[in-house]
Amino acid sequence: MEFSSSSVLFPFLLFLFMLFRIACWFTSSSLTEGLGREIWASHAPTAWPSLHASPQIAKEVMKTHDLNFAQRPHLLVTRIVTYDSTDIAFAPYGDYWRQLRKICVIELLSAKRVRSFQLIRKEEVSNLIRFIDSCSRFPIDLREKISSFTFAVISKAALGKEFKEQDSLESVLEEGTKLASGLMEHRERMEKRTGELEAEEDFIDVLLKLQQDGDLELPLTDDNIKAVILDIFSGGGACNSIDSCGVGNVGNDEKPKRDVDETGIDELKFLKAVVSETLRLHPPFPLLLPRECREKCKINGYEVPVKTRMTINAWAIGRDPDYWTEAERFYPERFLDSSVDYKGADFGFIPFDAGRRMCPGILFAIPSIELPLAHLLFHFDWELPNGMRHEDLDMTEVHGLSAKRKHSLHLIPIPYNS
Ligand code: HEM
């Protein structure tokens, strides 16, 4: 089995996928300034709007009618990019998706598995801090450094192998593909590991084991494995944007006072609030993936025809002035002593989606965001170059596979121990 895209096709397909996300964003951007709800009111019930920016509608779609909206629409572009929609995010609702989702939740992204990657995160944070220390007092592109960190963590967890930042996603996937298609190196490694700790397993090991054991209701093909790995890398990419924003927004009083490991992070309430506030104002996926109505139903008193497409605008919902006070202000304190969180129960704050199609990667994502952020703040004071002030920072975002800052974030690290 060959990876169909060795040098040209894959980037092209990825580009198509990005175009799809961008097109969704473009369609929505003129609607995000609070218009989503009015469009609903003015069009229903004759023509159904496909974009929604109200927490109330999000709740109807993701909770009341979640099962009915657990379907993804058939989209040519995603079928091409995701091995005929056999990944998790785009797989149609049904037995295959349920099986993959179960594998994800129980095997790949469980609390136990995520803990088993603790050493990887620790090692990569040390590398990050060491690198930044070596260029202290000079402006560095923090976004790029954080992106390399995330990439390294994901590639080690997924493929058991470190990839350098110059390696493209394409080469990673090619490597993953070789591994998935039975590359001797990977299988031999698995055999040698018999009796060793589960902690040593990467995602490919787990998936190959499930494939070989043959206990699955639906067999897992090599292409299915590749599609899952593709999802994991896209998910990991979403973590990148959070830390650079966090570093620029934590004042001296709120910085961690001691070196922390993952177990100590829960005590850093302000840091956690900064992560939440960043996810509220800058959700990496501003538009959630579209869902499709499987059977006609009623929402807000209006009949929703079968196959109606719904796209929820998480970005606009996070800034809804009816839901948030001073919605546009970056104010992490709002999350201190608040029970509102991103785990899918608060429909005014849904950066990870909610309901059955909610992100299964939260347990993996959060320590990969919080741990580097805590260390970046503990070890360094951060200054803006050329006498810039915080207000001068351009927070404009661009939207591709996920949202990220348009301009790189150059900051000067000043080590505390110097
Ligand atoms: C800050 C980081 C992350 C954010 C904000 C995020 C957000 C999301 C969202 C919103 C969805 C639903 C699809 C959509 O509406 O676009 C999703 C799905 C998914 N995410 Fe994440 N994600 C993150 C990190 C991760 C990580 C690290 C992984 C894996 C290691 C991951 C794996 C997945 C998978 C497999 C799905 C498909 C779930 C399904 O359709 O059943 N995500 N994610």
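The values are calculated or read from the model by the stated rules, or taken from the named source; none is laboratory data. Only a predicted model underlies this, so the values are computations on that prediction, with no experimental measurement involved. Note: ideal-geometry Cβ built from the backbone for every residue, glycine included; neighbour counts use all protein chains shown.
Worth a mention:
- Some residue of segment 360-367 being at pLDDT 95 or above and assigned to a loop (DSSP other than H, G, I, E, B): yes
- First in segment 261-281 and among the charged types (D, E, K, R), second anywhere and loosely packed, with under 13 Cβ neighbours inside 10 Å and assigned to a helix (DSSP H, G or I), Cβ under 8 Å, 6 or more apart: Lys272/Asp266
- Criterion (modelled with pLDDT under 95 and surrounded by 20 or more Cβ atoms within 10 Å (Cβ to Cβ)) met by exactly one of Val304, Val260: Val304
- Helices (runs of 4 or more DSSP H) (entirely within segment 48-162) containing at least 1 residues that are within 12 Å of the ligand (Cβ to nearest atom) and aliphatic (A, V, I, L, M): 55-59, 95-102, 111-116, 142-159
- Selection status of Val306, more than 16 Å from Val61 (Cβ to Cβ), more than 16 Å from the ligand (Cβ to nearest atom), among the aliphatic types (A, V, I, L, M) and part of a loop (DSSP other than H, G, I, E, B): no
- Any hit, segment 137-151, residues being surrounded by fewer than 20 Cβ atoms within 10 Å (Cβ to Cβ), under 21 Å from Arg115 (Cα atoms), among the basic types (Lys, Arg) and modelled with pLDDT of 70 or more: no
- Answer from Glu333, Glu328 - the residue that is away from the ligand (no atom under 13 Å from the Cβ), at negative phi, surrounded by fewer than 24 Cβ atoms within 10 Å (Cβ to Cβ) and not in a loop (DSSP other than H, G, I, E, B): Glu333
- Only one of Glu267, Glu254, Glu333 that is more than 28 Å from Ile120 (Cα to Cα) and not basic (Lys, Arg): Glu333
- Extreme residue, nearest to the ligand (Cβ to nearest atom), among residues of segment 280-297 that are assigned to a loop (DSSP other than H, G, I, E, B) and among the basic types (Lys, Arg): Arg294
- Ile242 within 8 Å of the ligand (Cβ to nearest atom), in a helix (DSSP H, G or I) and touching a residue at least 60 places away in the same chain (Cβ under 8 Å): yes
- Asp253 being in a helix (DSSP H, G or I), more than 22 Å from the chain's Cα centre (by Cα) and without any contact (Cβ under 8 Å) to a residue 24 or more places away in the chain: yes
- Residues located in segment 203-239, provided they are modelled with pLDDT under 90, part of a loop (DSSP other than H, G, I, E, B) and either under 16 Å from Glu107 (Cα atoms) or touching a strand residue (DSSP E or B) at 6+ places or on another chain (Cβ under 7 Å) (or both): Gly214, Asp215
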